[in-house]
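Presented below is the structure to which this report refers.
Values in this text are rule-based calculations from the coordinates and carry no lab data. Bear in mind the structure is a predicted one, so any value in this text is a computation, not a measurement. Backbone-built Cβ (ideal geometry, glycine too); neighbour counts: all protein chains shown.
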Amino acid sequence: MKHSIDLFKKVVIGYGVRWELGNLIRELGVRGKLAVVTGPRVRRLVVEQLIERALREFDVDVFEAEEPTVEVAEGVADLLGSARPSLIVAVGGGKSIDVAKYASMKVGVHYISLPTVTSHDGIASPFASLKGMETVYSVKTSPPIAVLADTEVFASAPRRLALAGAGDLISKITAVRDWRLAHRLKGEYYGDYAASLALMSAKHVLAFSKAIARGTPDGLRILAEGLISSSTAICIAGSTRPASGSEHLFSHALDVVANYPALHGEQVGLGTVIMGYIHGINWRKIRRTLKKLRLPTTARELGVKEDHVIEALTIAHRIRPDRYTILGESGLTRDAAEEVVLKTGVVGDDG
Ligand SMILES: [Zn+2]
């Protein structure tokens with residue numbers, strides 16, 4: 001069976017590496033106009049200085065992506081279509097990067113990813129999550145041509161956003177197990193290498209949670225490397241399978257029932273405790289690590305009604321029927337969902 005892998009060319013990670021953007025673009029052999037896709041806040045805080053200091057010799061157009069919706073992404077794609085840049089630079093948290101990914105695919109121009117937060121593993125993956133799609137999950141685009149991960153910028157982000165990415169990495173523990181199940185029971189393609197790589201990024205968080213929790217540039221470097229590894233696993237698998245299983249379905253279901261109540265990484269982290277329990281693995285260790293990272297382990301900490309968590313668990317299997325997981329085809333009954341959240345302390349005395 002043929003399997004092709006599309007990967008980024010270069011990753012530059014370190015303190016202050018954003019100033020190397022101009023050199024990186026020259027190294028990639030790009031000439032002509034640049035288009036920066038960013039949000040209004042990041043434009044003020046990061047992009048304006050970048051243009052002044054690192055992109056002085058380039059002709060740069062800036063496009064603002066206010067919301068990660070299909071509508072906004074289509075609008076940005078239209079503008080890019082007229083501006084005809086030679087390269088797109090996506091600067092921001094998940095939102096701007098997702099919009100840039102989608103627009104890049106539409107206009108057929110490469111993009112560099114310059115993330116400003118370590119909140120999830122979409123920073124280097126070829127999948128864009130946009131609101132307003134027919135599905136609530138993601139659309140396949142291309143991986144960035146290069147990733148510039150500046151730990152100085154990461155450390156200046158709000159702590160809650162910065163550490164949420166650790167929750168997204170921990171989720172690979174159940175995602176990979178769900179993928180194996182789908183392989184065994186449904187004959188789905190399974191790649192051992194991609195699975196191992198995704199799992200390694202989760203184990204990295206378990207091993208280095210103390211350093212990551214400090215939120216220093218060095219701690220967040222460990223986290224960023226894990227996020228890029230997880231993105232790489234997605235590139236190698238050619239799907240989000242190694243990075244997204246039942247815990248992600250639960251998070252998407254929570255977005256449906258409670259209208260995007262918390263950060264993606266926080267929701268999937270808590271989902272991993274629940275799905276870890278159902279998988280029969282050491283879910284207590286996962287919960288302990290989340291606590292160390294000050295990530296939510298209860299409905300209350302997540303800021304979600306207990307009933308919404310239970311409801312999300314009962315509908316999670318319907319979010320994406322083609323994605324077989326431990327939830328099976330019929331999902332959890334309400335009784336089972338109530339039992340699971342009690343046993344894991346997501347609701348109840350602990351909660
Ligand atoms: Zn995720």
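The table below lists the values:
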item	result
Where only C-alpha atoms are counted, convex hull volume of the range 67-120 per residue in Å³	66
Antiparallel DSSP beta bridges within the chain, as percent of all bridges there, nearest 5	10
Span-like helix ranges in the chain, DSSP H, alpha carbon extent 27 angstrom or more, Kyte mean at least -0.5	192-213, 217-237
Rg followed by Dmax, in Å, when the range 233-351 is reduced to its Cα trace	13.3, 43
Translational diffusion coefficient (Stokes-Einstein; Kirkwood radius from C-alpha pairs) of the range 159-251 at 25 °C, 0.890 mPa s, in µm²/s	186
Ellipsoid semi-axes in whole angstrom, largest first, where each is sqrt(5λ) of the Cα gyration tensor of the chain	34, 21, 19
25 °C / 0.890 mPa s Stokes-Einstein diffusion coefficient of the range 42-174, Kirkwood radius on C-alpha pairs, µm²/s	161
Spatial separation of Cα centroids for the range 1-60 and the range 103-173, in angstrom	15
Ranked by how many other beta carbons lie within 10 Å on average, peptides 150-160, 9-19, 268-278 from highest	268-278, 150-160, 9-19
